[in-house]
Amino acid sequence: MRSILLILMPIVGSVVAALWPSNRTRPALLPIIGILHSLLTLSLFFDPPNVVLEDWLGFDALARAVLPVVSLLYLICSFYGFTYLQVRDERPNRVFVTSMLAVVGMMSAGLQARHLGILWIATEAVTLAAGPMIHFNGNARSIEATWKYLVVGGTGIALSLLGTFCLGYASLHGGGDGNLTFVALMQQGAGLSHSWVFIAWVLLLVGYGTKLGLAPMHTWKPDAYGEAPAIVGAMLAGGVTTVAFTAILRVRAVVGAAGASAIADQCLLAIGLFSMLVAALFLLATRDYKRVLAYSSIEHMGILTVGAALGPAGVAAALFHVWSNSLTKGAMFMSAGNIRRAAGSASMDEVRGMVVRAPYSVAIFVAGMFAVTASPPFGPFFSELRIVRAGFAGGHGTAVAVFLGCLLLAFLGFTRVVFPIVDGRPSKIVKESGKRFVETAGIIIPPLLLLCLSLWLGLFTPTVLQDAWSAAVAQLFPKS
Amino acid sequence: MNHNLNLLLDVAMGLNLVSLACSRLQTLIRVMALQGVILGLMPLVMEHDLDWRFALIALATVFGKGMVIPLLLRRAMRKAHTDRELEPFIGFVPSLLLGAGGTIAALAMVNQLPLLPEHTGSVLVPAALATILTGFILLIGRAKAISQACGYLILENGIYVFGLLLLKAMPILVEAGVLLDITVSVFIISIVVDRIQTVFDSLDTRHLTTLRE
């Protein structure tokens, strides 16, 4: 019941936002729902309900391992979003607030989906609801970004529907009744028709991989992240990708139960390393610091996928990385958004000396950069270390070497863009809206808090979280 | 029953080729809508004993794919000056040849796929593959935003045809959710198309090339 409420409450909030008359007070709905959602998640986390096996939705071990971080990220983002929408009160925010709350509700559904069809519906709904938020600024660039997002994302999600049908047919062809709950599919296991499972696996990997932003299906990501407001970037990179990643983990468990673990893991490893490589190379080329975050996100999705390929230990490390990446990336997106507004441009060719104009945001951005490029003692360092360890334990020496090489390239790419914009003499002020940029508490505390959480996660990874990740692994790899 | 279904599938495959050949956007929308109606009729001819659930799916599909979605697309392009696809990325003749070749290939390779005995005599799977291919050709080969949206919908039509294999197994709630999602996606796409028309004064996606490295 509480797990359904987790989905319904933001949806109700979304409807209220659509009907709310005042543009000035409407953004307050974001933190209100944020607080209620995270309280409910907290109660579910410490007192998990009994999940009926055949249920289509439920707060199971995998949802328990990832949903809290999405809720936490949204909570902190919602306060930033409230301040941001107050500052940007010249833009109508009805569509933005409505879409954001719908995204939160649908993400809660996607993370708890225990039925392949429901998972698809929730993911598609998240994709659609996020579209109007990318379009918030209403200019030519944001329309281009929205169109590419919808066309590429829509096609990807269409392929995952085809994959869903193929997995259903695998069940029918193997003598099953075409029941699409993950429990039923895993029980049928080796009884699923092999050739259809392979077709379904490829289609679902490509489909949900597009949502995740794995190369070569990543093309929408730099445009969308570059043009959308900061909290949209943070929610897409930390929340929506988590839905796609848990989808891949759930499907991977079915393919594993069908006895095709080896091939599935090879696919994941290859596409993960390829994404990391593509992202690292683009990081060395781009001149826009918001697009840098998008390529960094592609790289981290590659890291998650590599982790998912490395068996139980790798999946546990990947779940840890979901947490550390979401929190750190949120801090980066928000501080980058502050710098973008202070500077009036997102290109490193026009922006100089931001340490003078936005000192706090720059401090968070630079610290976040070290965190996200896996410098100790932040969370990403420890989660990536565990993935590397799982790689060595599994005998994937070459893959680990490529993995580390990509991390090094990404670090070079990051510093190449970040230090020039931070350092030097400020260029002439480019004014956008005529308002002087002030670093208020409302836009500094949220990213700072996320950064501290990332540090905390690295230094004192709580046992209760480690247990939650292990329980999720036990659900995905039964009997092992 | 298979005979009637195959007849409808043949018509749907024929409409694929028409959609690849036509240059007028209005015609393209009309062809797509007609294909949607034919798709909606398919569940009715698949079973002898008519279940109320199949009737409901058929009704929703005809209503959604045949009426609501074309209406939204027409509203999106009412401000457009031109209603023709003038310079497609892939010409009409090459795309027609591609589509025809793909249809023949799909019909030829169907015996390679492991199908249940009750599906072997039907052209369901090749029709699905040919329609998906047609959708991709339109999506990649056309420059106007509306044509690409139609390509996306024809792609979805192909997936719907494939989904008919699971008609008995798929619970109606899932079917309804899928259709609702697709309708909402067209709603959002049509708003963005409208915005593209307003901002760029054209429906040509060649204008959408500012964002790059």
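What's the longest piece of chain B with no exposed trypsin sites (Lys or Arg not before Pro), counting a site as exposed if DSSP puts it in a loop and it has at most 16 other beta carbons within 10 Å?
Values: sites that count: B:78, B:79, B:168, B:212.
No qualifying site falls inside B:80-167, the longest such stretch.
What range in chain A is the longest one free of trypsin sites (Lys or Arg not before Pro) that are in a loop by DSSP and have at most 11 other Cβ atoms within 10 angstrom? Result, exposed sites excluded: A:25-427. Within the set of other residues whose C-beta is less than 12 Å from the C-beta of residue B:147, count the net charge using Lys and Arg as +1 and Asp and Glu as -1. Charge balance near residue B:147 sits at 0. Helical content alone sets the calculated 222 nm signal of chain A at -25500 deg cm²/dmol, taking -39,500 (n - 2.57) per DSSP H segment of four or more residues and averaging over every residue. Database remark: amide H of residue B:144 closer than 5 angstrom to the amide H of B:205 (H placed geometrically; neighbours at sequence offset of 5 or more, or on other chains; Pro and chain starts carry no H).
Between region A:136-176 and region A:193-211, the C-alpha centres lie 12 angstrom from each other.
What is region B:2-205's relative contact order, in percent, from Cα pairs under 8 angstrom and six or more apart in sequence?
Dividing the mean separation by the residue count of region B:2-205 yields 27 percent.
Any of B:65/B:168; A:329/B:79; A:148/B:65; A:290/B:65; A:290/B:79; A:329/B:65 with alpha carbons more than 29 Å apart? Name them for me.
Beyond 29 Å between Cα atoms: A:329/B:79; A:290/B:65; A:290/B:79; A:329/B:65.
If you take every residue apart from residue A:47 with its C-beta less than 14 Å away from the C-beta of residue A:47, what net charge results, scoring Lys and Arg +1 and Asp and Glu -1? Neighbourhood net charge equals +2.
Kirkwood Rh over alpha-carbon pairs of chain A, then Stokes-Einstein at 4 °C and 1.567 mPa s: what D in µm² s⁻¹, rounded to an integer?
On the way: Rh = 22.1 Å.
Estimated via Stokes-Einstein, D reaches 59 µm²/s.
About the centre of its Cα atoms, the protein assembly as shown shows a dipole size close to 1900 debye [charges on the beta carbon of Lys, Arg (+1) and Asp, Glu (-1) only; nearest 20 debye].
Once each part is reduced to its C-alpha centroid, what is the distance from region B:52-87 to region A:312-338 in angstrom? A separation of 41 Å, based on Cα centres. Farthest towards the positive end of the charge dipole of the protein assembly as shown, among the residues B:73, A:229, A:175, is the Cα of A:229, using unit charges on the Cβ of Lys, Arg, Asp and Glu.
From the Cα gyration tensor of region B:58-213, with a ≥ b ≥ c the square roots of its eigenvalues, which class applies: rounded if a/c is under 1.5, or else prolate if a/b is larger than b/c, or else oblate? Oblate.
Given +1 on the Cβ of Lys and Arg, -1 on the Cβ of Asp and Glu, and no further charges, what dipole in debye does region B:2-205 carry about its Cα centre, rounded to the nearest 20? Don't skip to the answer; put the middle values down first.
On the way: 13 positive and 14 negative charges, 114 e Å.
Once rounded to the nearest 20, the dipole reads 540 debye.
In terms of its C-alpha gyration tensor, region A:139-204 has a prolate overall shape, because the principal axis ratio a/c (a ≥ b ≥ c, square roots of the eigenvalues) is not below 1.5 and a/b outweighs b/c.
Every number here is computed from the coordinates shown, using simple stated rules; none is lab data. Since we're looking at a predicted model, the values are computed, not measured. Counting neighbours? That spans all protein chains shown, and the Cβs are built from the backbone with ideal geometry, glycine included.
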